[in-house]
Structures are given as C-alpha cells and as structure tokens.
1. Can you work out the FRET efficiency for the pair Ala141 and Asn103, with r the C-beta to C-beta distance and R0 = 30 Å, to the nearest 0.05?
2. With all pairs of different alpha carbon atoms counted, what Kirkwood hydrodynamic radius in Å does the range 105-216 show?
3. Using the Cα centre as the reference, give the magnitude of the dipole from point charges on the C-beta atoms of the chain (Lys, Arg: +1; Asp, Glu: -1; all else neutral), rounded to the nearest 20 debye.
4. Excluding same-chain residues fewer than 8 positions from Lys33, which lysines have a Cα within less than 27 Å of its Cα?
5. If I histogram all Cα-Cα distances within the range 149-189 using bins 10 Å wide from 0, what percent of pairs lands in each bin?
6. What is the extension gain from Lys294 to His56, computed as 0.36 nm multiplied by their sequence separation minus the C-alpha to C-alpha distance, in nm to one decimal?
7. Rounded to the nearest 20 Debye, what is the dipole magnitude of the range 2-51 about its Cα centre when Lys and Arg each give +1 and Asp and Glu each give -1 at the C-beta?
8. In nm, give the distance between the simple-model label positions of His8 and Asp333, each being 7 Å from the Cα along the Cα-to-Cβ direction.
Amino acid sequence: MSKSDKAHLNFNNQTVELPIRSPTYGTDVIEIKKLGSQGLYTLDPGFYSTASCESHITYIDGREGILLYRGYPIDQLAFNGDYMDVCFTLMRGELPNRQQKENFINKIKQFCPIDKQFSSFFTGFHPTAHPMAMLISVVGALSAYCHNDIDVTQQKDRETAAIQLLAKVPTLAAMCYRYSIEKPFISPDPSLSYAENFLSMMFDRDENKPIDPVISQAIDRIFILHADHEQNASTSTVRLAGSTGANPFACIAAGIAALWGPAHGGANEACLSMLNEIGDESHIETYLARAKDKKDPFRLMGFGHRVYKNYDPRARVMQKTCHEVLEATGSHDTPLFKLALKLEKIALEDEYFIKKKLYPNVDFYSGLTLSALGIPMNMFTVIFSLARTVGWISHWMEMMNDPTHTLARPRQLYLGPKKRDFVEIDNRK
C-alpha cells in the first residue's frame, strides 16, 4: 500500500501533517493515529468514515455493485467453485490446487465430530430456546475444552483453531436445530461434502438416497455468498475481541452474538416475516403504496442495501439459485412463493423502485431459498453464522499474524457532568 500526499489539519494555531494512504481499490484514507499525541481525537459515530484496520481479504464497491474475496469476483466463485475453495482462499490468500484442497478438506473432516461429554451442554437449554442463543453458548464453550491447547501467539495453533471452528460450527449448528425440535443428534458423515454433511446432520433422510445436488449446491452457494463482507459489525466485534488476545472460540462467539441483531444478520428472517404480513398477492398494491409513503412505518424488507447503492452482486447469484430450488422442490405454486415472485417482478419493473435502486437483495432470495428447503426462520441466522465463521476467523488470523496489531481502544466525546462532590443521603434533594 503506497503513501500519497499529506493532509494538513489546522487547529489551535497549530498544524498537524497527516499521511494519505492509497488502497488497491477504493477511497484514499487519511491516517490519524498521531492526533492522539496532539491531544485531539475524532468523533465518528458508527465508524462510517473510519477505516479501523488494513486488510487484504475482501473488497466492496457499493456504488458499482462489486464484491471481491481476495480479488476474486463473488459470482465467479459461486458459479465455478465451492465453499471449500472460498474457505481456503479467504484464509490463505489464493485458490487451492487439487492437492491443497484435498488436504484442507481432510483436516476439516477430522475435527467435525463433537465429544459426547460436550453434547451434554445442550441439556441445560429448554427446547424452546432460540437456536442462536444456543449457538453462542456452545461455540463459546469450545474455549473451555480447547483453551489450554491454543496459544494464540503461535501461528500453528491459530491455524488449528481455525480448522476446528470450520469443522465444528456446522455440527453445532445442526445440533441446535435437532435439539430445538427434540430429535436426536445426527453424527457427521465424512463421505459427504461440507454442504451435504450439514444437510445430513439437520434432517432425517434415507441413507441409501443421495441428497439432491440442486439443494446441496444451493446451501453451498448460500455459504459462499455469506462467507465475508469486509468490516461489518460482527467482523469488527471479532477483531475487537481478538485484539485483547482472547481465545479464538470466544472471539467467534462474540461475532455470533453481534450477528444476531436484526439490523445485521436477521434481515432474511425479516423478509419472510414481511411476506407473511402481506399474506396474499391481492394485498401487494396496498403494501407497496404503504412502502412509498414516508409517513407509514411499513418498510419493504429485502430490497435495497445499506452498502450496495446499485445492485447487490450476491443477489444475482442467489436469484438464480432460488429459482432452481423452487423448481426442484415444487414450491413455485405455493401461496408464499407466488406472492414473493410477484413482488420480485413488480420491484424489478416499477419505476419507483428502479429510480431508488431498491432491487431485491441477497436476503430476499436467501430467505426464500432456506424456507423452500424446509428450514425454519429461527435457523436462518444460525446458517448465516456458520457461513460467516470463515470470514471471522480469516480476519482474526490476519490481525494476529500482524506483529504491529494492538489493543483496540476507541475514545469518546464525554458530555456528562463536571466533577462534583458526594452528597450524604440526608442532604440529597
């Protein structure tokens, strides 16, 4: 990363010279680290104008609708590769060759099983507990089993922790689902692919009948499209926790907790809730009118995106995948999906939505796809967490591999009371 011109900040009759950093792609960044030594800090609520780190992993251009993992376009990865290609690439920086990929997959399969003693953790939950609450707890509990075996200062141990997380989170996610429906856990099957194995652990199936490749490919693409998304709230949480030297399993549990928020990982669940609220095709025009009325609290979920001001590049992939799944499962003619497809058609043709670039996003299509596969809404964010684990662990490894990384310690603008003396209780007003 090259250094460019200098920026000059004038205040209190003094000038501070600040370097301007130029990225591979994107906006130049003014480096403000030295401001603190000058007794001055910046205020940026939400960090929308702040680069919190240097990273080589993911690039997003929201205006142009671009998403790159290590330089590779998301659509090329989704249509030509698989999730194991993406995991290796995010963690190691390059696509694997055949031997590297085989070795990588074998390592993951080695760590998929969960110790029977560990399974007893689930008995502490009521079956009605939200699967995300269970997942946060059991992923965090992995640190109790592995804490003494992981030295985060050693690269070899960091690699081992990363592989263990990629292997065990799908098993734990499936266990959360099975426990919530009060059915016995299903052990991992090393003969299956990563996506097939997850589906196998989720659902009772005839072992003599292969999993429909359209369905396993759909799950694999969902994993790919959600694998990473730059410095979002949950990834930043993982980096923040990791900067303290915390156990990696605890860091990922923190990321899962951040993802659970409806403003972050719950969007595809919100899409299905919205469709259920609309209820019938005959109500679409009424709800579209409400969506266009700024005074009405109703909002169309799954349209437009905070980052992508044009078209969500993941949505192009997910749209095709969604329609393939609806065809394979015979869901096109069910009321919910007929409603969704009509809403999609209107949004892609309606002048209001086109002008405001409110196109269907990845959450719209992924929610429909997961629903068509028979996965309940309370598992949507669990599957998002599973997919995002590789992104979180890649960012954690990138940070830990950087010898210059330091404890994250944001500042604040204090607006509370000035210093005052304690008042005895009888003298208080």
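1. 0.55
2. Across the range 105-216, the inverse of the average 1/r is 15.0 Å.
3. Computed charge dipole of the chain: roughly 1280 debye.
4. Candidates past the 8-residue exclusion: Lys3, Lys6.
5. 28, 35, 24, 13, 1
6. Contour length minus Cα-Cα distance gives 81.7 nm.
7. Taking the Cα centre of the range 2-51 as origin, the dipole is about 140 debye.
8. So the two model labels end up 7.5 nm from each other.
All of the numbers you see were taken from the coordinates with simple rules; none came from a lab. Keep in mind the model is a prediction, meaning the values are calculated, not measured. Positions of Cβ are backbone-derived with ideal geometry, glycine not excepted, and every protein chain shown enters the neighbour counts.
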